[in-house]
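Note sheet for the following structure.
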Amino acid sequence: MRKNIVAGNWKMNLNLEEAKSLAGELKAKLDQLKTGLVGDNRSIPEVILFPPYVYVTRILDLFPNYQGLSVGAQNCHHEDHGAFTGEVSAHMIRSVGATHVIIGHSERRSQFGEVDLLLAEKVKQALKHGLTPVFCCGEMLPERENGNHFQVVADQLQKGLFWLDKAQLGRVVVAYEPVWAIGTGVTATPAQAQEMHAYIRQLLSDTYGEAIAQQTSLLYGGSCNAKNAAELFSQPDVDGGLIGGASLKADDFFRIIQSF
Ligand code: 13P
């Protein structure tokens, strides 16, 4: 069975004290949930936090051997090491104990010129060093309006991921994040999310077989919040969310975690 996942992408937000306090609050709530003190602990998803690089070890230190919570980085470089001032490699990220890395976020694609071939190299690096890539795809508004959204997403997946072998692909999480929904307050409708997720799962099945398609977690991202998460997550092919803004408030993020 594929995993339900709720991931928080903090982007370039919070100072250290704020980051620690957010993670601490979240831990207290998760502890209560796990021990049955609050809510229903039968369907707790895997939780992944993506703090800025500089906080990764500090956040990890707050969760030693904590079941069901992982910490990752928001990006990695496409080489192992070398003269790349200001960059951080997958190898380094893994060496501090993080387990996941976001690759291909639309903000990296559009603001930092990250193209499909580069993203494929990053995926290779992540897998080489034992990190789980959370690979993002998603169309821009004009692409949806022109009816090209399926083709755009298929293209991103083909170039970024579909050169992997079966075993490698089996280690990837895919996040569908329509660019028009990111940070805009305009969420994809549950039907739109389901339609694209079903399409992605079909692509996975056509390329890698039904077993891999069924075991790959597909997350939705883009103005997902405590109010709309339950309906999105109730769609058969939506296995959770990659949350931006709403992951910065412990209460909201916790409500999203409880939305299955
Ligand atoms: P928002 O939830 O703020 O729309 O951001 C989504 C996102 O980009 C997560 O990676």
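The values are calculated or read from the model by the stated rules, or taken from the named source; none is laboratory data. None of these values were measured; they are calculated from a predicted model. So basically every Cβ, Gly included, is an ideal-geometry build from the backbone, and we count neighbours across all protein chains shown. These accessible areas exclude ligands, DNA and RNA; they are computed on the full protein's heavy atoms, side chains included. Shrake-Rupley method; radii C 1.70, N 1.55, O 1.52, S 1.80 Å.
Listing for the model above:
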{"item": "Per-region count, segment 121-141, residues surrounded by fewer than 24 Cβ atoms within 10 Å (Cβ to Cβ) and either at positive phi or free of Cβ contacts under 8 Å to residues at least 24 places away in the same chain (or both)", "result": "1"}
{"item": "Selection from segment 142-175 of residues that are open to solvent by 80 Å² or more (accessible area, probe 1.4 Å) and either more than 30 Å from SER70 (Cβ to Cβ) or within 15 Å of the chain's Cα centre (by Cα) (or both)", "result": "GLU145, ASN146, GLN151, ARG171"}
{"item": "Helices (runs of 4 or more DSSP H) wholly inside segment 127-242 that include at least 2 residues being more than 14 Å from the ligand (Cβ to nearest atom) and of a type in the set (Asp, Glu)", "result": "141-145, 190-208"}
{"item": "Residue check, GLU46 within 19 Å of the chain's Cα centre (by Cα), of a type in the set (D, E, K, R) and crowded, with 20+ Cβ neighbours inside 10 Å", "result": "no"}
{"item": "Single match in ALA175, ALA154, ALA193, ALA181 (criterion: farther than 21 Å from GLY72 by Cβ and in contact with a strand residue (DSSP E or B) (Cβ under 8 Å, 6 or more places away or on another chain))", "result": "ALA193"}
{"item": "Cross-chain or 6+ apart pairs with Cβ under 8 Å, segment 240-260 first and farther than 23 Å from ASN15 by Cβ and open to solvent by 10 Å² or more (accessible area, probe 1.4 Å), then assigned to a loop (DSSP other than H, G, I, E, B) and among the polar types (S, T, N, Q)", "result": "PHE260/ASN4; PHE260/SER43"}
{"item": "Residues located in segment 191-212, provided they are under 20 Å from ASP165 (Cβ atoms) and of a type in the set (Ser, Thr, Tyr)", "result": "SER205, THR207, TYR208"}
{"item": "Selected residue [touching a Phe, Trp or Tyr at 6+ places or on another chain (Cβ under 6 Å) and open to solvent by less than 60 Å² (accessible area, probe 1.4 Å)] from GLY104, GLY82, GLY24", "result": "GLY104"}
{"item": "Segment 97-111 residues that are on the phi > 0 side of the Ramachandran plot, paired with ones that are in a helix (DSSP H, G or I) and more than 12 Å from the ligand (Cβ to nearest atom) (beta carbon under 8 Å, 6 or more apart)", "result": "GLY97/THR57; GLY97/LEU60; GLY104/LEU119; GLY104/LYS122; GLY104/GLN156; GLY104/GLY160"}
{"item": "Residue count for segment 208-225, restricted to those that are in contact (Cβ under 8 Å) with a residue 12 or more places away in the chain and either farther than 16 Å from GLY8 by Cα or open to solvent by 20 Å² or more (accessible area, probe 1.4 Å) (or both)", "result": "9"}
